[in-house]
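Visitor: Attaching a single structure in structure tokens format; questions to follow.
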Amino acid sequence: MIINIFWNIQEEYKENKKRKEESEKLVRDAELYNLRQQLQPHFLFNSLNSIIALITVKPDLAKKMTFQLSDFLRGTLRKDDKQLIQLADEIKHLELYLEIEKVRFGHRLNTTFNYPEEVLSAKVPSMIVQPLMENAIKHGLYNVTGDVLIETNISLELHMLTIEITNPYDSDQFYNAKGTGFGLTSIQRRLFLIYGRTDLLSVRKTENKFTAIIKIPQHD
């Protein structure tokens, strides 16, 4: 009798634990989805405004940008919010995003990517780098005159992928204490929801350069 009671209590505990874990997973999944959805409108509205501005003065560029935006959004919709994809695929999607932004900013926006070939097979959460780049463009071009170079450096060491994006910025312009806008804050939250760690996003500032750094754990 006592053994049966103990067994029933144990089974109920396991069932409650399972229900709690499933509930927590649903909450995490919903938050991941919401974070991704909040990022899209900002970029979309900027791109549409640029297309509208180009229609009368540079119709060919407006047409090109429209097709690029369509391809970019199509790729975004196909991606699962929790899906880990190869870095090579993430970079291809990022390059499409940058082509759209280069139509907006013209010769002022220059970008470089530095990484060894072996990092391309590393796994990253889909669309994790684009908000970093958007943040770099925002702070690198909006308040800095002349041409701007945004550098992306990627390395892999001890099962940790490190992605650094550096942009110039005016040291007199405002940055909050953490140096993050919504884009970086949302990335930090996404990384926590996926990996359960709060130390995977950091920033580094010098007198005229701002670097956002994310680390993505790699598992065999």
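The values are calculated or read from the model by the stated rules, or taken from the named source; none is laboratory data. Since we're looking at a predicted model, the values are computed, not measured. Methodologically, a virtual Cβ is constructed for each residue, glycine included, from the backbone with ideal geometry; neighbour enumeration extends over all protein chains shown. For the accessible areas, the whole protein counts, side chains as well, though only heavy atoms, and no ligand, DNA or RNA atoms are used. Shrake-Rupley method; radii C 1.70, N 1.55, O 1.52, S 1.80 Å.
Visitor: My understanding is that a pair violates if its Cα-Cα distance is over 31 Å; which of K63/K92; K63/K123; K58/K215; K63/K209; K138/K215; K58/K123 do that in this structure?
Guide: Result: K63/K123; K58/K215; K63/K209; K58/K123 exceed 31 Å.
Visitor: May I pose another question? Just want the answer: with Cβ charges of +1 for Lys and Arg and -1 for Asp and Glu, which residue in V124, T112, L96 is farthest toward the dipole's positive end in segment 76-168?
Guide: Projecting each Cα onto the dipole axis, the largest value belongs to L96.
Visitor: Same structure, new question: For S126, which sequence-distant residues (separation of 5 or more, or a different chain) have an amide H within less than 5 Å of its own amide H, given hydrogens modelled in the peptide plane?
Guide: Those lying under 5 Å, H to H, from S126 are Q83, I85.
Visitor: Using a 1.4 angstrom probe with every protein chain in place, what is the largest-first accessible-area order of F67, F105?
Guide: My answer, sorted largest first, is F67, F105.
Visitor: So, one more: Excluding ligands and nucleic acids, what accessible area in Å² is computed for I165 using a 1.4 Å probe, to the nearest 10?
Guide: 0
Visitor: Using mean Cβ contacts within 10 Å as the protection proxy, how do 193-204, 119-130 order, highest first?
Guide: In decreasing order of mean packing, 193-204, 119-130 become 119-130, 193-204.
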